[in-house]
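Below you'll find the structure, written out as structure tokens, and then a few comments.
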Amino acid sequence: MSDRVSLLRRLAPQLIALGAILFLIWLVFPAFFSLTFQNGRAYGSLIDVLNRGAPVALLSIGMTVVIATKGIDLSVGAVMAICGAVAASASVQGQPIATTLFLALSVGVICGLWNGVLVAFLNIQPIIATLILMVAGRGIAQLITEGAILTFDDPSLAFVGSGAFLGLPVPIVIWVVFATLVTLVLRRSALGMLIEAVGINRRASMLAGVNAPVLLIAAYILSGICASIAGVAIAADIRGADANNAGLWLELDAILAVVVGGTSLLGGRFSIIGSLLGAMIIQAINTGILLSGFPPQFNLIIKAAIVVVILIIQSPEAKTLLSFVNRTRPAPVAAPKGAQQ
Amino acid sequence: MSQRYLPLLATLAIFIIAYIASTFQFPPMFSTRVIGNLLTDNAFLGIAAVGMTFVILSGGIDLSIGSVIAFTSIFLAMILATTSIHPLLAFAIVLVMTTAFGALMGAIIHYLDMPAFIVTLAGMFLARGLAFVVSIDSIPIKHPFYETLQDWYLRLPGGGRFTLIGAAMIVTFLVCIVIAHRTRFGANVYALGGGVATAKLMGVDVARTTIAIYAVSGLLAGLSGIVYSIYTSAGYSLATVGVELDAIAAVVIGGTLLSGGVGFVAGTFIGIAIQGLIQTYITFDGTLSSWWTKILIGILLFSFVAMQKGILLFSKDRSQKAG
Amino acid sequence: MDDNAILSATGITKIFPGAKALDGVNFSLRRGEVHALLGENGAGKSTLIKCLTGAYRRDGGTVTLDGEPIDPKNPLCAQALGIGTVYQEVNLLPNLSVAENLFLGRQPRRFGLIRSSAMKENARALLAKYGLDINVSASLDSYSVAVQQVIAIARAVDLSGKVLILDEPTASLDAREVEMLFAIVRDLKAKGLGIIFITHFLEQVYTLSDRITVLRNGRLVATRETATLPRQELVTLMLGHELQELSKSSHRKSEQLSEPRYRFENYGKAGTIKPFDLLVHRGEVVGIAGLLGSGRTETAELLFGLKAPDSGSKATIDGSVVSVNSPRAAIARRFGFCPEDRKVDGIVGDLSIRENIALALQARQGWWKPVSRTQQNALADQYIKALDIRTTDREKSIRLLSGGNQQKAILARWLATNPEFLILDEPTRGIDVGAHGEIIRLIENLCADGMSLLVISSELDELVTYSSRVLVLRDRQHVAELSDEEITTTHIINAIAARPSQPERSQVA
């Protein structure tokens, strides 16, 4: 009960921000919330936001866990490109869908494993460790596609990107189900707390018997898997693998989603739901600008401005100011500090 | 003591060995023509990487430089196409803008106590967005002054050309080496990289230094943008995407620790040279695809990071034995 | 008022939300004097220092330096006025050269460019005054902590020149280095500087200081001449009551104990600690004594598997050979380890007290078998009560607790795992006397319940109280084992000092 309340309180800024953005879009584009059903499938701007936000939402799940360990994964965009290329290339060679997906996921796991080993065993700073794959990854993806956009026409693979399940586009179903699954596993087991412990104080956690290297590697593997799913979904959507552009700069959007979602870049307390809200905030901004008829050139500027505002609201300086205002009221029940940053 | 120089020496050794090896395979690679081109082609990247070196030495990072370069080039192209002001004045205006932009990011990083990574990421979006607002098309620059600048070069023995923009990069490196090692600002940059709290206790003006560091990075990104516009005779808002990554790679390959406090501006030059060498080799080979550049740079990054870890482990081991 | 006073503070008051940290404290420092500032944790020593150096703004009182009232805004202002401070953790930059550290911000320049040769020359000249002849272009981190400490003093004195505050400067130095530091302090004193010396080592107070000021609970207790203040009385002043008599409790004699439960033979690691033999019985406390750097912590870390022992090392538990190569392996054998540096190695700051207490148990059970929330709450409540951890709430972040309460929470973390062999590294360091006594009682109770304990402590009378055997370490080597009646502070000190101690850290240039 009290956990629910504190969760709501923790997510209040994100919920308010998302609400405000949706409200603003609705003001300029009243049809935003309307849904229509055709051929058993829902259509509408809201669905669009959820669907287009799928890659960043997926990435942000793994990114949240990696950031909670005091890490960062810059390679997810490149891993998306690699896994998309693997899936396309397997499909072109006539592999059945199961094999194709298995191959793509395995490659994601291997990429995560590589990052994780560099971080956990070679003790390389996460930002550099994952920079290596970020730089080399697109080269590897191009190696697989041989520099061209590799198109395929296996309808079952295309279904992953553009099909519908229970009336919803498949990518939405994938990220919602996957996020629920990961959250349940992390919070129902002790993984969540152990990951937070490692992120806050790795040495003390190791001394308490926490198997930090394994947890770190698991976090990066999860991030690799997320990138792999997102990569396959994007490739499936356009029925082709574009090594140059698939997932380009999405690592930055994912990191932004996590930060906007209230997980501190310094590691520790994390909230996957927060990150998903962050991802939706980012996508709502993108879609909103598009719908409201602003020239698309202004997209990035408005995005930057909104991000800066959200970050300033969350910054430690603003918090001291807020807590000063709050001091007149009874002190809130000790909410974990790391979670709010 | 000497272990501070070890990464730098290793970088230098790798460059020399790789260069000699490639000239054995392709003798024409040992020519002033190739060297001159290498300097010209990498001039804008080199200048930007110098700014990145300062930022990384201080323990920060600047993701905005690629966007700032693009903004500078499109802004120059637009202003020269639509007004009649002299390019030199345009240069001055744009440099003031990019320097102020960097200073603003530094101020946000310092006063709002936010991670440089996130602030400069927002800066990256903002600068790219501003570039889009100026124009989303590629605008050619056809000013006679630009032709003068492009035509100026020293003919090197052997037929190579030492161009103005190549010279601009060399001068930038020389000036910044002096700034890094012979000025109080330079010492303060290293001090911040060694520990912000301690530096503050020792009297370093952290606010001023942080703002100055990002301002320098903005200034050099602006200069790099000018050089880029001279190099391509055009401005394009989608240009130089990901240049920040190449710059970071050059800095790290040049032996600077990404955690800050340790490294050399001169190392970055060698880092740039190695990247240029890889590209030149791939061009000479003709059969290798260009994506090998990225893979090779990735491998190089990995070997350097691993080597630095190795040095650290070795020296720890040694001091423990001694203790 | 003292005529010869260089610095005098009158009626210093500092109020924190909910607490008066300093209440009208008077303090005066003479020219050419070493003045020890003593008190338990929380007495107000560091608050007073921070008020003097401007790190805190005082809420009342006046400070005069050389007769002039001063009000420094921050430590830099205080330094410019003449008050320099050197902290326990050296506050210099490890990546810069020695010369740059000495002259950061005031490098000699010509046309805006630093004259590095002049700077190096000045640095050499400055350090020569302290008898230090080192390569000043080498980076600071290539020197030992002691040398860094001297460099910090040289910088502080050069910048301020009237008053030098030494805040626990000897905490991580060995005996020889302390001697070197003291020689320097005496030299500065002879030059007329006023020196404020904060330390936990009473021995050093009597060796070095001229006067002693004792604070307690934010109030001034007394300022006395060192020469006329007997130790017993000083301790009474500090504690406010006669030290509770810690008599040697009636634990079993070592020969009455059964077969040793834990047997470590030829246990060692090259470069860390020379091979040693160690036996621990059920229900026994084995004490470890030695100077800092003698290999005490290294012994503990080796036993807990933090470093893998060299081949040839043999560990047996209840007669069967085991290998303890990692903390996880140690924990699986029901070992527990409370490290010395709580902040770095102990607490997980942003997690709650509850989570910190449940952490080791959870780690041992594995992530797939979560300790239920109900069980966590029960554990936390149980130990908060049993160990008297003072907190409003088990959900409070552990970093908000005081040092002593953090220490108890870490102890609770291990007790929750039902350990059979518990290693405690300086369990009472840096905690107030109240918690001190409680932890000692706890150690005795655990021992009575049949747990085996290995306790490292620099508080020798503590070791005497609860140990049935004491191992003495010197120069990363086990040099003596005392048992039963041999265990007295005098014997331990004799064993430590049996042979001129070699330097712990060679000065690697």
Net charge dipole size for the stretch C:348-416 [Lys, Arg +1 and Asp, Glu -1 on Cβ; Debye, nearest 20]: 120 debye
With at most 13 other Cβ atoms within 10 Å, longest stretch of chain C clear of loop chymotrypsin sites (Phe, Trp or Tyr not before Pro) (DSSP): C:112-367
Estimated dipole of the protein assembly as shown in Debye, rounded to 20 [Cβ of Lys and Arg +1, of Asp and Glu -1, Cα centre]: 900 debye
Label zone at C:ARG334 (point 7 Å along Cα-to-Cβ), backbone N below 12 Å, the stretch C:435-458: C:450-452
Tail beyond 26 Å, pair distance distribution of chain B (Cα, percent): 49 percent
The stretch C:434-448 versus the stretch B:172-220: alpha-carbon centroid distance in Å: 52 Å
Whole-angstrom gap from the stretch A:125-150 to the stretch C:109-177, using each part's C-alpha centre: 48 Å
Average other protein chain Cβ within 10 Å of Cβ, residues C:86-94: 4
Efficiency of FRET from Cβ geometry, B:LYS142 and A:ASP48, R₀ 45 Å, rounded to 0.05: 0.55
Residue-wise HN-Hα coupling along the stretch C:20-26, computed from phi with Karplus coefficients 6.51, -1.76, 1.60 (Hz; x: Gly, Pro): 9, 7, 9, 10, x, 7, 9
For the protein assembly as shown, the Rg and Dmax computed from alpha carbons only, in angstrom: 32.6, 102
Per-residue mean of C-beta atoms belonging to partner chains within 10 Å, peptide B:127-136: 4
Positive-end residue, the stretch A:46-291 charge dipole about Cα centroid, Cβ charges, pick of A:ALA204, A:LEU150, A:THR64: A:ALA204
Under 5 Å, built H, 5+ apart or other chain: amide partners of C:ALA480: C:VAL472
Expected 222 nm ellipticity per residue - DSSP helices of 4 or more, -39500 (n - 2.57), all of the protein assembly as shown, to 500: -18000 deg cm²/dmol
Ranked B:LEU149, C:LEU215, criterion: other C-beta atoms within 10 Å, fewest first: B:LEU149, C:LEU215
Which of A:VAL107, A:VAL232, A:ILE97, positive extreme of dipole for the stretch A:46-291 (C-beta unit charges): A:VAL107
Peptide A:36-44 - average C-beta neighbours from other chains (10 Å radius): 0
Signed unit charges on C-beta, dipole axis of chain B, positive-most listed residue B:ASN42, B:LEU9, B:GLY186: B:LEU9
Approximate spin-label separation A:ALA31-B:ARG155, in nm, with each point projected 7 Å along Cα-to-Cβ: 6.8 nm
Amide H contacts of A:THR69 (H built 1.01 Å from N, under 5 Å, at least 5 apart or other chain): A:GLY268
C:GLY290 long-range amide H proximity, modeled H, under 5 Å: C:LEU473
Two-site label geometry, B:PHE185 and C:ARG115: point separation in nm, points 7 Å out along Cα→Cβ: 2.3 nm
Given A:LYS303/B:LYS294; C:LYS14/C:LYS73; C:LYS20/C:LYS385; B:LYS309/C:LYS269, the pairs whose alpha carbons are separated by over 18 Å: A:LYS303/B:LYS294; C:LYS20/C:LYS385; B:LYS309/C:LYS269
Note, ³J(HN,Hα) from phi for the stretch C:212-219, Karplus 6.51, -1.76, 1.60, rounded to Hz, x at Gly and Pro: 10, 10, 10, 10, 8, 6, x, 10
Per-residue HN-Hα couplings for the stretch C:452-464 [Karplus 6.51, -1.76, 1.60; θ = phi - 60°; Hz; x = Gly/Pro]: 9, 10, 10, 10, 9, 7, 8, 8, 5, 5, 5, 4, 4
Longest segment of chain C lacking GluC sites (Glu not before Pro) that sit in a DSSP loop with at most 15 other Cβ atoms within 10 Å: C:246-509
The stretch A:24-160 - charge dipole about Cα centre, Lys and Arg +1 at Cβ, Asp and Glu -1, debye rounded to 20: 260 debye
Ordering of B:161-174, B:36-49 by packing [mean C-beta count within 10 Å, highest first]: B:36-49, B:161-174
Distance from the stretch C:295-311 to the stretch B:14-81 (C-alpha centre basis), Å: 50 Å
All Cα pairs of chain A, percent lying beyond 29 Å: 40 percent
Most mobile of A:GLY267, A:GLY278, A:GLY163 in a GNM of chain A (Cα contacts under 10 Å): A:GLY163
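Here, each number is a calculation from the coordinates, and none is a lab measurement. Because the structure is a prediction, the values reported are computed rather than measured. When we count neighbours, we look across all protein chains shown, and the Cβ atoms used for this are built from the backbone with ideal geometry, even at glycine.
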